[in-house]
């Protein structure tokens, strides 16, 4: 049996299109620094076509070094710009394919990937460039195969793409089409067909030395083995794929391979290796979704929209300036007429008003896009945490509980030297799984609300730390929606963790105070403190606190002196919250 979520792997793994492979052989001969110097010289010489090609090489170098990262996508956008300046339509729309395929690394970027690929396909169909049309069709098919349900005509489209690849002697596209067919048949639970096309793709991609495609073919062959309940053979296929993916620095693929390897080990009863593989999958999950690189790429399109609005604003200001100069010239000729002067004054006032309105509208749109991107990032983080917590609780947690019950039912058959350590190990594994799951998505928060969740957090931290933690709340604490509750909980959790880790305090106090206009939250400790005025606040934790509170419309302030502890005060406006509920101090 195949796990229902396995097919997500294809969405995150296929991010390198046919454009990348030819670039690789060239780019490996040049370092990143030398490419940057080369680009500077080419820009000075206004050799824009060579600049565009050098940026393509630089993007591949970044991809080889860092995996899925913002530097690569920035290089491809620069290549797109210089192809446009060089008036090279072929290179310009080729770069659309590269960007579209690269965006398929991340599920959240699927709409943008579809947009770039369709734009390129439209151009190459007009120019009758069939090899590039095939590339675009395969990229769009890669997106379509992950829809639920699968489009009815997808198999037909992929077989046609395979036929055209053979006709136009595009071996790379042929191997890719066969790989997509293997994935699609696997989703349709037709293992024989999936095995056939994965094997054909593996032979062809091995001959072409396309490493990422070889790794993906081994992955699909492993899924077929698991479908046939051949778990050991599936593990061997996953390990071959894992080795290649490690050299390619493909975090998304390593995550999915670890997840399926854990499932296969679990099926054969090797729960130790299953647990280790699950921890690896969780670590890769954190590396991919929590990295600044992934977040930056998700915001890339919104940033480009913001830049476009800024350019439009600049153009409007320039037009307004030109109009004011023209009005001044007209004023000289109309000074002899009172009516002309009055009309001129009225016209200028109207133009200023329009220019001001355009500026205000542009600023509002920029702010809305910034809030939208921040919300998308936070929702993605919390959604992924919830999903991982459910997987741990419903998957590994249940398996560990079953093992514990089995051991307890057969205790009499086990010697004392084995029984006691085994029970201890199982208890520790269950406890660790519950702690990880609860940290990712606290049960008390989703079930009882913010105050009970904070009380539960403080109680648990008191059990494992020498520092005493106290929670106090006063007044009518406003009822919060799920989004605000999660953000406030994460902020308090981050502040408590920072205080426990760095403050060396005896007591940490958390207070919530509500009035008609403001909700105040303070976290105070009596630890060693610090000089925050002369030492800038650094670290992702502090940045996350600021961004979450700013999104809620609030403010955060740090007060601390060396040796006198630290106080963090958060102020939130009541109008961002729902009707109040009664809470006792």
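Before moving on, here are some points about what is shown:
- Modelled spin-label separation between residue 108 and residue 38, with each label point placed 7 Å from Cα along the Cα-to-Cβ direction: 3.4 nm.
- Neighbour-count ranking [beta-carbon atoms within 10 angstrom, fewest first] of 329, 253, 569, 487: 329, 569, 487, 253
- Overall form of region 123-266 per C-alpha gyration tensor (a/c, 1.5; a/b vs b/c): prolate
- Subtracting the Cα-Cα distance of residue 544 and residue 557 from their residue separation scaled by 0.36 nm leaves 3.3 nm.
- Take the Cβ atoms of residue 470 and residue 518, set R0 to 25 Å, and the FRET efficiency comes out at 0.70.
- The stretch between residue 567 and residue 404, if pulled fully straight at 0.36 nm per residue, gains 54.2 nm over its current Cα-Cα span.
- Ranked for footprinting exposure by Cβ neighbours inside 10 Å, fewest first, 517, 455 give 517, 455.
- Approximate spin-label separation residue 190-residue 203, in nm, with each point projected 7 Å along Cα-to-Cβ: 2.0
- Full-extension gain in nm, residue 427 to residue 447, via 0.36 nm per residue minus C-alpha separation: 4.7 nm
- Shape category assigned to region 62-143 from the gyration tensor of Cα positions, a/c cut at 1.5: oblate
- Sorted ascending by nearby beta carbons within 10 Å, beginning with the fewest, 500, 512, 414, 180 become 414, 500, 512, 180.
- Cα gyration tensor category, rounded, prolate or oblate, for region 445-576 with a/c compared to 1.5: oblate
Every read-out reported here was derived from the displayed coordinates using simple, explicitly stated rules and does not represent laboratory data. All values reported here derive from a predicted model rather than from experimental measurement. Methodologically, a virtual Cβ is constructed for each residue, glycine included, from the backbone with ideal geometry; neighbour enumeration extends over all protein chains shown.
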